[in-house]
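The values are calculated or read from the model by the stated rules, or taken from the named source; none is laboratory data. In this text, all values refer to a predicted model and were calculated from it rather than measured experimentally. Here the Cβ positions follow ideal geometry from the backbone for every residue, glycine too, while neighbour counts run over all protein chains shown. Calculation scope for accessible area: heavy atoms of the full protein, side chains included, ligands and nucleic acids excluded. Shrake-Rupley method; radii C 1.70, N 1.55, O 1.52, S 1.80 Å.
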Amino acid sequence: MSEEYVLETRNLVKEFKGFVAVDDVNLNIRKGHIHALIGPNGAGKTTVFNLLTKFLIPTRGQILFNGRDITTMKSAAIAREGVVRSFQISAVFPHMTALENIRVALQSFEGNSFSFWKSGNCLNKLNHRAMELLDSVGLAEFAHITTVELAYGRKRALELATTLAMEPQLMLLDEPTQGMGAEDVGQVVELVRKAAVGRTVLMVEHNLGVVSKLCDRITVLAQGAVLTEGDYKTVSADPRVREVYMGSASDPNASEKEANA
Amino acid sequence: QISDDMVKIGYLADMSGTYRDLAGPNGLIALEMAVADFGGQVNGKKIEIVSADDRNSPDVASSTARRWVENDNVDMVAGLVASSVSIAVSDILEENGKLGIVSGSAASSITNEHCTPNHIHYVYDTYPLANGTASAIVKEGGKTWFILTADYAFGHALEADVTKVVEANGGEVIGTIRHPFPTPDFSSFILQAQGSGADVVALANAGGDTTNAITTAGEFGLTQSGQTLAALLLFLTDVHALGAEAAQGIQLTTGWYWDMNADARAWADRFMEETGVRPTMVHAGIYSSTMQYLNAIKATGSDEAQAVRKQMMDTPINDMFATNGRIREDGRMVHDMYLAQVKTPAESTNEWDLYNIVRTIPAEEAFRPLSESQCPLVTSK
Amino acid sequence: MSDSVNPADIHKTMLDQQKSEHRRRLILNLVLLALLIVAPMVMYPVFLMKILCFALFAVAFNLLLGFTGLLSFGHAAFLASGAYTTGYLLTTFSGLSTELGIIAGTLVATLLGLGFALVAIRRQGIYFAMITLALSQLVFFFFVQSSFTGGEDGLHGIPRGQFLGLIDLNDNLNMYYFVLAVFLAGYLLVQRIVGSPYGQVLKAIKQNEPRAISLGYNVNRYKIIAFVISAGLAGLAGSMKTVVFQLASLNDAHWHMSGEVILMTLLGGTGTLLGPVVGAAFVVNLEYQLSQGPLADWVDAILGAIFVLTVLMFQSGIVGQVQKFMKKNIG
Amino acid sequence: MSPAVQNQVGKKDYEQLRVSGLHAFYGESHILHGIDLVVNRGELVTLLGRNGAGRSTTLKAIMNMVGRRTGSIMINGEETMSCAPHHIARLGVGFCPEHRGIFASLNVEENLTLPPVVRSGGMSLEEIYTMFPNLYERRASPGNKLSGGEQQMLALARILRTGANMLLLDEITEGLAPVIVEKLGEVLMKLKRKGLTIILVEQNFHFAAPLADRHYVVEHGQIVEEVSASELDSKRSLLNGYLGV
Amino acid sequence: MSMILGVPVAVLFGQLLLGLINGAFYALLSLGLAVIFGLLKIINFAHGALYMLGAMATVILFDTLGISYWAALFVAPILVGCVGVAIEYFLLRKIAGQDHIYSLLLTFGVALIIQGVLTNMYGVSGLRYSMPDVFKGGMNLGFMFLPYYRAWVIVIALLVCFGTWFMIEKTKLGAYLRAGTEDSQLMQGFGINVPLLVSLTYGFGVMLAAFAGALAAPIYSVTPDMGSHILIVVFAVVVIGGMGSIAGAIITGVLMGVVEGLTKTFYPPASSAVIFLVMVVVLFVRPSGLFGKEA
Ligand SMILES: Nc1ncnc2c1ncn2[C@@H]1O[C@H](COP(=O)(O)OP(=O)(O)OP(=O)(O)O)[C@@H](O)[C@H]1O
Ligand SMILES: Nc1ncnc2c1ncn2[C@@H]1O[C@H](COP(=O)(O)OP(=O)(O)OP(=O)(O)O)[C@@H](O)[C@H]1O
Ligand SMILES: [Mg+2]
Ligand SMILES: [Mg+2]
């Protein structure tokens, strides 16, 4: 079974001083899927992400990646294994150029990152690949702009490109469209779709439009526990999900209709 | 024969730190007074003064001194307060064949294991401090001693000297505490001293530590409970800061006191006019030693260090500072020292009227005899 | 801004830019080097050596503050441990050649740096500063208590000896060129580090640590290495200083020294290569000038005022300010 | 103020806010390039636009929370360009910032009672708890332990207590579950009925459209279009163009 | 007499009591630092200098204007508090919102200036201040002689500490302060005059330091460098307690006084280093300090 699942969690629990934020969660993420994690605010989605990437230590439970137990591995090691996350708040290196941002990611595979005696020129061979990546998210022309000066949407694109540079097998995206206008949301959806080819994506997202368009499978969390799981149709039809999460907006076509009205 | 056609004196002292008041800017004034009194020139050659703050740091001091002697033609370095500074600077002077006159330092090692043919230690050192105070108190009946020692070389040396003197006189040291330097609060140590039941509580520390310890001893009624307090190194400025009320009755040894005779008083009056305060023994020593130095140049017609030092050694010192003073071959200037006791507020007529001179300790008795010296200049003879 | 940008073109212009900047920097460095070589002919060499030693110290410190984003308030400990080790070895084992003493001092400081780093690295920002301060206070206590340091008298009369048994370092000029060579080696090493692949990661960590972690970097390892190198170079500076002045004292270990190196770096410009050098030269010279003049007893107050003014008015430091000015006016 | 007097801009009622020629800067960057807008009492007006258009900056500029401003901002007919932020708040302006601004070191009730009452007529604590029962349940928990939705409710409730009669709300639906978004919509309608003036910065047009009387479209720091609720249909495509829907 | 580790129990009691008294003193000083850091995120390196200023002011007020101890206990902190407000208003405000490192360096500079100026004006030997008459003498507790003044110090210091804690944690004003440190701009948007609040908070923290200084004047020698010695120790106390934790600063202050007191009994030379040792150990085990919130 571990062949088809990239990531599994078994009875994952996180307690904060008696408060159970993640309660006995069993996730099975199928290889090649775009998998969404949704749920009301405070359901524990971000906490699950933090557990998967070891920014938090699980209280109990197991995390398997490609069938291997990674529960005790450190953050950085997990990233090198191929589990890479993007952040809810934009995470770039603000005083580097876009190109340098990507190179930092590419460099982690070079094995020369501790070589403090080597000239920086040995990184130039990464430039080609870096430009390719930038081009793929439409940032080629901004390669030499310092990142602080980039607009918000472009920072997100850059972040995604950086994540892609890690050649992740599994990408964890926490609310990739939060705070974006409709136009940017569309762009991000396209980016994610492109990026997902050949890899697996696990994302947290409140924008149901995005979820319905992108995701192959959805897990609904509520109060730390899995409420239900399935494709968008099944999940959105579930009355419990409607009650705790979707409300009347459960049908994305309905809300679009309403807007068009 | 006077190099560069002038005599250049460098005044190096702590101008801004812990030792500022006992030498510091006022020491420079004392030096200037001496040069002015000498007429500003010697054998027709101008006398020039440069000065610098050593910031209590041997680094700063040695780099300044090095520059002075290697680059700026300084002939003699005066002042020299912190022992570490004096030792560091005397190395450089020896290397460059110039002269140093140490007026502020306490360490007796300066003319013992650290002696050089290129410096003179003028005013006092830990040997007479311990010797004068301790032997007097033991003789008065203070048989058992408890010593509070500042935990660094100066304190250790003083403690060792005192212990020797106490034991030699038939007393006993029943406890010592080495306290960190600096210590803001002495209550714990005073309590331990009190608990020891010793007749005498001796302070082998300096400056703020000593004044803090004395204040706390007063607060805890140390002397009321029958113990004697002995401060081994106390400058006039410290006592002035404490005031007669807090410091009354304390016995101490000093190399000079401004009110001890008419000459001293006259000079101290002039000094006070310039500075607004009474001089410490260091201030007086700077004035006196500079006069001796300039006189020696005048007599020999040379500012070459060895010639001058020899001339100074050959000339006995009798002036406002010293009676029966003489400079030995190890560089130690030996002179009479004085056992003083701080006056009571009732006895004291003004804020600087602080000491009663109890006893004059003759020069030969006060300082470490040459027979005990480890100075190669002495032993190799 | 069209969509038809060719990545290769952009790439080429960037390389050109980089080249011209390299050339400019090379020229600047050569000019400075020439100045340093002739300097002892016009200035007092020992004073220049003092500046070079402190400059090396500040450069080492800046590797941490400026390029890794860690404020150490305990760098005096490394300066002093280098100084004491070298001083102790050279006085105790007479005939030990000077460079061995210096290497030993550097090594001890490096090891001490490793110890500090292992304890402090888990904390960030102000906590990091405070832990390094506490550790350096413990080191200070150790130096006060140990007999081999000579307590507050310090070690003195340390022989300068000979370099490789050949060149007599008692001659100020020989000594100067030796110090200059060591300084340059240290400076170039830091320059190299900053530009190296490793330096790139440091930069990334400084700017966004969580992101660097998520890209697979074990940031603590990187920080520890930076700290250790910085400590080693600081120790080297201390060792050199000991040989130049032939003494080692508690002053080097006092926390004020840690404050002073911050001032030098900040004043010259953190995060620039040349900044700490300029800052060190400025501060050392200023302290000298002030201590000689009528303002001798105002040194502390004046240094304090400079601290305040630097923080308030030009945080990018002298070099940073000049760079800004150049950018504006030259483009 | 009844909700009947809305919709036509031309019909001058009591003019609660008039911004003219507003420029704003963050350090060297020039963000707002002459904003002009008018809001009457009891109106609900939205500011629409793309990311980075300057909508949040407009609200902050009204509160005097940006680096430097020029132009004119009249609140209740009073010029406020030289007023400190706390004076502006005392004119009856309640500001709900983009990132909620819940104070972690205070509990829910302390957070609620923190802003000083600036004028009479605010809601009482009881009324607020009736409106947001969740907050009552969690009144003793520290602010940062609330879920995102509750934090958002708290941020809104907090300024209702102060009696502010002009609310500046920045992206209050961001990151919230759809059920909660719906609920917020109901709350805003209630407030409008009570006669409060509301300026709403929203990304979620579907949320804003049925609530608002008028929409301003902001682009590159300028108002480029004004659309009233009745014109929504006719200007649909224009809006889509601006917003990239 | 029973003994513990070679020390009579009675002596040990005495030392513990003294440690407690010193601890109350540390608590007062570290409390001011913790208030300033906790609420304003300023690392106040000038704290020692301002403590010294409090003591100097007490002495100078007496010497020049004949102001008594009791009056000075109020007047000196207020005067120095005004100096603090001025420092905040003219200097710290200009760098508000920047990295903590800058406020640290700025206040370090201010400390150097204050200390340098006072050294030039009053020398380093210290100023004389005599104990107010009511406090002369002491009581015999059986195991030790306790000067009245020390008893007074512990009572008043702990009272002030508790009052401060209560004000910050339990009152509306405290809530403003706590909130203001998280997001001062927003607080101002709510109609609160935050700049004034900040000035007053800094002034208040400084007042606590100056109050400690005034309390210290009769028992320690009042010199311009009295603050620089104690500063680093007090910093260590605050860090051990957990930076910004008000209760932590108070409790740790008292605790460290006791620890130091015991060290003074068993191994005096290490008494100034022991606090740093504790600090390193504590931070190694609990990186945010004893009472600090998990970062
Ligand atoms: N460090 C922490 N200490 C205590 N409780 C925490 C901590 N972090 C999160 N929680 C609690 O755990 C619960 C889950 O939080 P989490 O951030 O995972 O929610 P979420 O599902 O991501 O919500 P949102 O959609 O609002 O981002 C919340 O109730 C939160 O208050
Ligand atoms: N503190 C700041 N310093 C410098 N520039 C800023 C700052 N805050 C915002 N900006 C810039 O000002 C511009 C307008 O920002 P603003 O937050 O007003 O946009 P917005 O329309 O609210 O968009 P968003 O959807 O991103 O919130 C953006 O380009 C942004 O980068
Ligand atoms: Mg979340
Ligand atoms: Mg916004």
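The table for this structure:
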read-out	value
Average Cα contact separation per residue, chain C, under 8 Å, 6 or more apart, as relative contact order %	30 percent
Equivalent ellipsoid dimensions for the stretch E:8-53 as semi-axes, Å, which come from the Cα gyration tensor, largest first	31, 11, 6
Longest to shortest principal axis, alpha-carbon extents of the protein assembly as shown, angstrom	116, 74, 63
Convex hull volume per residue for chain E, taking Cα atoms only, in Å³	142 Å³
With Cα atoms, 0 to 90° folded angle of helix E:246-266 axis to chain E main axis	30 degrees
Candidate lysines - alpha carbon under 29 Å from A:Lys213, same-chain residues fewer than 8 apart omitted	A:Lys31, A:Lys45, A:Lys155, A:Lys194, A:Lys233, A:Lys257, D:Lys183, D:Lys235
The protein assembly as shown - share of DSSP beta bridges that are antiparallel (%, nearest 5)	50 percent
C-alpha long axis of helix A:182-196 to longest principal axis of chain A, angle in °	80 degrees
Exposed-site-free run, longest, chain D (rule: trypsin sites (Lys or Arg not before Pro); DSSP loop; at most 10 other C-beta within 10 Å)	D:13-245
Equivalent-ellipsoid semi-axes of the stretch D:93-242, from the Cα gyration tensor, Å, largest first	29, 16, 14
Diffusion coefficient, µm² s⁻¹, Stokes-Einstein with Kirkwood Rh over alpha-carbon pairs of the stretch E:136-274 at 10 °C and 1.306 mPa s	91 µm²/s
Mean shadow area of the stretch C:43-254 over all directions, Cα convex hull, nm²	11.5 nm²
Value of relative contact order over chain B, rounded to a whole percent, pairs C-alpha under 8 Å and six or more apart	18 percent
Isotropic mean projected area of the C-alpha convex hull, the stretch A:46-88 (nm²)	2.9 nm²
Charge dipole of the protein assembly as shown about the Cα centre (unit charges at C-beta), most positive-ward option of C:Thr98, D:Pro133, B:Leu129	D:Pro133
Antiparallel bridge percentage (DSSP; both residues within chain A; nearest 5)	55 percent
Rough spin-label spacing in nm, given labels placed 7 Å along Cα→Cβ, for E:Val285 and E:Val7	2.0 nm
Centroid-to-centroid separation of the stretch D:147-201 and the stretch A:6-46 [C-alpha atoms, Å]	30 Å
27 Å Cα-Cα reach of B:Lys98 towards lysines, excluding residues that sit fewer than 8 places from it in its own chain	B:Lys8, B:Lys45, B:Lys46, B:Lys298, B:Lys310, B:Lys381, C:Lys50, C:Lys241
For q = 0.09, 0.12, 0.13 Å⁻¹, Debye-computed log10 I/I(0) when each Cα of chain B counts as one equal scatterer	-0.48, -0.86, -1.01
Fraction of accessible area attributable to carbon and sulfur, the stretch C:43-254 (%, probe 1.4 Å)	67 percent
DSSP-defined beta bridges in chain B - what % are antiparallel, rounded to 5	30 percent
Helix E:9-40 axis, angle to chain E major axis (alpha carbon atoms, nearest 10°)	10 degrees
Cα-derived Rg to Rh of the stretch C:105-178, Kirkwood definition	1.14
Sequence-separation-based contact order of the stretch A:91-167, relative, with Cα cut under 8 Å and 6+ spacing, percent	49 percent
Hits among lysines - C-alpha to C-alpha of C:Lys203 under 18 Å, sequence gap 8 or more where chains match	A:Lys118, C:Lys223
Principal axis dimensions, the stretch D:77-181 - Cα atoms, whole angstrom, descending	40, 27, 25
Kirkwood-type radius of the stretch A:91-167, with distances r between different C-alpha atoms, in Å	12.4 Å
Helix-only CD estimate at 222 nm, as mean residue ellipticity for chain D, using -39500 (n - 2.57) per DSSP H run (n ≥ 4)	-8000 deg cm²/dmol
Percent of alpha-carbon pairs separated by more than 15 Å within the stretch B:116-222	62 percent
